[in-house]
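Reading through the structure tokens given below for one structure.
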Amino acid sequence: MNIKTTLQKIKAFITEPIRHEPVFFCLIPLFMFFSHFLYELPEEYASFFHYRNLLIFLSNSVFMSWLLSILIYWTHSKLLKILAYSVMIFLMAVDLFLYFNFQTIMSPWILLLLKETNIQESSEFLEHYLFTDESIICYIIVRVAIVLTCILEKINRKRLSLSRWAQWTTCLILVGFWVIGAYIFSWTARLPLLSSQIELDEWDGQHGGYARHNTPTNLLFSTLFLHASSQEHEYAIQSCFSALNHQATCSEKDSLNVIFIIGESFNKYHCPLYGYPINTTPHLCQEKEKGNLHVFTDAIAPYNLTSYAVKNICSTNSIADHETWFTKPSFMMLFKQAGFYVSLWSNQRIDSDLSSHDYALNSYLYDTRLIPLLYNEYNTKSFTYDLRMVQRFQQYRAKHPRQSHPLNLYVFHLLGQHSNAINRFPHESQFLYFSTDSIKRPDLHESQRQTIADYDNATRYNDKVIKSIMDYFHNTSAILVYLSDHGEVVYDYRNYVGRSHETKKSKEALRYQFEIPCFVWYSNRYEASHPEIVSAIKAAVDKPMSSDDISHTLLNMASIHTPYYHNDRDVLSDQFVVKPRIVQGNTDYDKQIR
Ligand SMILES: [Zn+2]
């Protein structure tokens with residue numbers, strides 16, 4: 001067989017279903033992709049790469065449409081064709097309704113809301129949103145789509161006959177879409193094989209950015225994600241209820257404030273406490289100079305995904321002992337059981353953004369069955385900037401001076417340096433410390449240096465946030481632990497910003513994405529009344545630790561006695577045991593980093 005015949009066979013293989021079903025082949029990707037196109041459309045200027053990405057996203061829909069065209073071409077089934085049109089138009093209609101009314105599209109949150117809505121709530125919802133201007137726009141688009149489909153299908157009943165030239169041109173254009181689309185579809189095809197939340201989270205991090213941009217794949221992902229995370233959350237809730245059968249007590253003699261701050265995307269190599277030459281944390285450095293702050297030099301996060309990292313931080317499980325996060329209770333519950341007043345202030349609490357990661361964490365932290373077990377109080381709204389949340393917390397405290405409660409746990413979950421870091425601090429001159437000139441990286445061009453300057457400004461703002469929490473408690477008996485949920489790459493070793501999800505992790509990926517800043521600060525009063533813990537902290541700063549075990553150290557700092565406390569996981573204990581530190585479920589950090 002010569003090359004010409006082979007090419008003709010390939011051409012026939014690709015174009016034959018399209019020649020038979022040209023209208024179907026063209027309209028289906030349009031219906032699959034239209035809502036995602038609107039959702040991804042930038043509000044203002046977007047770069048060439050943004051529009052290039054939109055074409056890449058579309059290619060997956062084109063390939064899926066080609067697969068469906070083959071099915072219809074082979075089966076000649078009119079019913080199948082009508083069914084495919086109906087499903088795609090329906091999914092588009094749902095997305096458009098959500099997009100125009102709520103600026104969102106299908107996600108696990110939306111499915112959860114649908115699942116938990118009763119008939120009365122549904123009818124009230126429909127009454128409210130059925131005839132809004134936004135809904136009317138949606139109906140008009142759907143109607144146009146249906147009419148267009150009917151007209152074009154009627155005109156094009158006969159097989160499309162194209163000239164030779166037209167056939168080759170169409171084929172060449174399609175081949176680009178076909179090859180890229182087939183490649184992305186190979187990721188989509190793996191999706192039904194994944195069952196746990198972490199697998200789905202990783203798939204989303206690795207491939208979701210390209211593969212999820214069409215209604216059927218997005219619906220499939222949302223359904224699987226909701227199912228997997230609901231199962232884990234159910235186990236987690238059961239684990240908390242089972243823990244009620246065991247007592248937790250506290251032997252603290254003095255009053256005590258334990259403060260735990262979970263940071264976000266803090267790359268420790270952008271912090272002078274770990275040798276960064278730019279002074280991004282002047283307040284923390286000052287506290288270290290005074291001797292009240294101690295830096296843990298060898299802390300890592302077991303995951304670089306917020307949801308999984310934070311759930312493992314909150315749970316008393318230990319990954320080194322092969323325990324999953326949902327099989328053990330949250331440390332906050334044990335504090336509450338031991339008589340602490342527990343207060344959660346999370347700036348990652350859902351307000352309007354209904355993405356899957358926020359879903360996975362928030363649906364657990366704010367589960368209505370867990371709230372009474374875990375907290376005495378929690379914030380109900382989040383804030384654009386972390387300092388505003390801390391100020392709100394201080395105002396709230398001033399307005400609600402409780403009868404002096406001797407034992408308190410305050411957990412703050414910050415937005416920290418979450419991407420895009422430029423959005424994490426107010427753009428006022430007092431917060432714009434660093435510019436491109438501050439970043440001595442001649443290997444980078446100006447816009448890249450600006451990104452680093454933004455990140456460093458966000459880090460300096462974060463320093464102010466933490467300092468304002470310390471100041472609030474510094475006259476009390478207080479101990480504070482800070483750690484970041486994971487790190488972040490900011491052009492540190494390659495032309496990349498964010499976190500990646502490759503299976504084999506390089507030393508650099510481990511260093512910048514999994515190593516985390518972690519430190520302990522205490523007030524003078526705590527130092528005077530807890531000399532043993534203070535000397536244990538000073539002795540522990542270089543011990544290798546993993547953030548999933550931090551709950552055991554917190555329990556020790558608060559003198560809480562519970563069967564869930566394990567001294568071999570607590571860096572402050574003499575019985576602490578160094579164990580393998582496994583990241584992302586498959587990589588031994590200490591072996592790989594050597
Ligand atoms: Zn995070």
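Residue-level analysis places Lys538 outside the set of residues that are closer than 20 Å to Asn267 by Cα, of a type in the set (Lys, Arg), in the same structural domain as Phe260 (by TED's automatic domain parsing) and over 21 Å from the mean Cα position of the chain (by Cα). Scanning region 235-285 for residues that are without any contact (Cβ under 8 Å) to a residue 12 or more places away in the chain and on the phi > 0 side of the Ramachandran plot returns a single hit, Gly275. The residues of region 492-540 that are crowded, with 17+ Cβ neighbours inside 10 Å and part of a loop (DSSP other than H, G, I, E, B), listed by number, are Asp492, Arg499, His501, Lys505, Ile516, Pro517, Ser523, His530.
Listed here are the residues, each with its yes/no results for (1) among the hydroxyl-bearing types (Ser, Thr, Tyr); (2) more than 30 Å from Glu252 (Cα to Cα); (3) touching a residue at least 40 places away in the same chain (Cβ under 8 Å).
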site: Asn495; (1), (2), (3): no, yes, yes
site: Arg499; (1), (2), (3): no, yes, yes
site: Ser506; (1), (2), (3): yes, yes, no
site: Phe519; (1), (2), (3): no, no, yes
site: Tyr522; (1), (2), (3): yes, no, yes
site: Ser529; (1), (2), (3): yes, no, yes
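In the set Lys440, Lys467, only one residue is in a helix (DSSP H, G or I) and away from the ligand (no atom under 16 Å from the Cβ); that residue is Lys467.
Of all residues assigned to region 231-242, none qualifies as being surrounded by 15 or more Cβ atoms within 10 Å (Cβ to Cβ), over 26 Å from Tyr366 (Cα atoms) and not acidic (Asp, Glu).
Please determine whether any residue of region 415-426 is under 28 Å from Ile278 (Cα atoms) and either among the hydroxyl-bearing types (Ser, Thr, Tyr) or outside the structural domain of Asp485 (by TED's automatic domain parsing) (or both). There is at least one residue in region 415-426 that is under 28 Å from Ile278 (Cα atoms) and either among the hydroxyl-bearing types (Ser, Thr, Tyr) or outside the structural domain of Asp485 (by TED's automatic domain parsing) (or both).
When the residues of region 265-313 are filtered to those that are within 16 Å of the ligand (Cβ to nearest atom) and part of a loop (DSSP other than H, G, I, E, B), which remaining residue is nearest to the chain's Cα centre (by Cα)?
Kept after step one, since they are within 16 Å of the ligand (Cβ to nearest atom), are these residues of region 265-313: 265-268, 270, 299-313.
Checking which are part of a loop (DSSP other than H, G, I, E, B) leaves us with 265-267, 301-305.
Numbers: Ser265: 11, Phe266: 14, Asn267: 17, Ala301: 15, Pro302: 15, Tyr303: 11, Asn304: 9, Leu305: 6 Å.
Filtering region 265-313 for residues that are within 16 Å of the ligand (Cβ to nearest atom) and part of a loop (DSSP other than H, G, I, E, B), the one nearest to the chain's Cα centre (by Cα) comes out as Leu305.
Take the residues of region 478-523 that are of a type in the set (Asp, Glu) and within 13 Å of the ligand (Cβ to nearest atom): which is nearest to Thr297 (Cα to Cα)? First the steps, then the outcome.
Keep residues of region 478-523 that are of a type in the set (Asp, Glu), which gives 485, 488, 492, 502, 508, 515.
So of that shortlist, the ones also within 13 Å of the ligand (Cβ to nearest atom) come out as 485, 488.
Details: Asp485: 16, Glu488: 17 Å.
Applying the filter and picking the extreme gives Asp485.
Taken over region 333-349, the residue count meeting the criterion of being modelled with pLDDT of 95 or more and outside any strand (DSSP E or B) is 8.
Restricting region 245-259 to residues that are under 20 Å from Val411 (Cβ atoms) and either within 16 Å of the ligand (Cβ to nearest atom) or not in a strand (DSSP E or B) (or both) leaves a set whose member that is modelled with the highest pLDDT is Ala248.
Per the listing His322, His294, the residue uniquely of a type outside the set (Asp, Glu) and at positive phi is His322.
With the requirement that a residue be more than 16 Å from the ligand (Cβ to nearest atom) and buried (at least 17 other Cβ atoms within 10 Å of the Cβ), what does region 386-429 give you? Of everything in region 386-429, those that are more than 16 Å from the ligand (Cβ to nearest atom) and buried (at least 17 other Cβ atoms within 10 Å of the Cβ) turn out to be Leu387, Met389, Val390, Phe393, Leu407, Asn408, Leu409, Tyr410, Phe425.
The values are calculated or read from the model by the stated rules, or taken from the named source; none is laboratory data. Values in this document were obtained by computation on a predicted structure and should not be read as measured data. Cβ: placed from backbone, ideal geometry, glycine included. Neighbour counts: every protein chain shown.
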